[in-house]
1. Can you give the convex hull volume of the alpha carbon atoms of the range 60-137 per residue, in Å³?
2. Sort the range 59-202 into rounded, prolate or oblate with this rule: let a ≥ b ≥ c be the square roots of the eigenvalues of the Cα gyration tensor; rounded if a/c is under 1.5, and if a/c is not under 1.5, prolate when a/b is larger than b/c, oblate otherwise.
Amino acid sequence: MDFLQIAAGEAKNPRRNLPKAIKRVYIRILLFYIGGTFVIGLLVASNNPDLDLNTSTAASSPFVIAIKTAGIKGLPSVINACLLTSAWSAASSDLYTSSRAIYGLALSRNAPKIFTYTTKRGLPLVAIVFCAAFALLAYMGIGSGSGKVFGWFVNMTSVAGLMTWFGISVTYLRFYKGFKAQGFDRATLPYANRLQPFAAWYAVIACPVVCLVSGFCRPCILPDS
């Protein structure tokens, strides 16, 4: 969803295309993420010995385990290829959003001015190179103990993501109140979700709670003193 919000600034006819894209995102989440997780949960037991999170190979993937259990030969390799493709797609979208975010911060003078440099076609080249440089952190995987550092990064980015959605939800609630106070109807907007403002209130409460509970339940995410 954050990808769509950032892409709105560069999309053609966003009033028509963005509502369509948002609806398709919900379908994909329900079908692939929630539906896929539900099916895998039925096929792979939680105590399966192949679910070894300490290994870095795709053999510990629950999708691969489910296919092997079903006795389908050759398909695990196809799944691995699909996972690699998905990882590449996620990396490219994250590079897009991060570079545009730092470019926007630079335009509002909240980041160094050098990030406002663009090519003749409007590509924020400096911002892209800067964000792409973080991919070099992947080389930490060649050393011992990299899994622990990776866990720190995962937890930091997860908390940052939750806090970002907390801020987005608070901003929407203020927008909703001001929009309503001025006598406007949300039905006149290009896209209006029926779950609002209840979904925003849920995020405002749930995001800090998840961050707090995760800190108490997983003290191992903190570095050793």
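1. Hull volume over Cα atoms, normalised by residue count, gives 116 Å³.
2. Oblate.
Bear in mind these aren't lab numbers, they're just calculated from the coordinates by the rules spelled out. If you're wondering where the values come from, they're calculated on a predicted model, not measured in any experiment.
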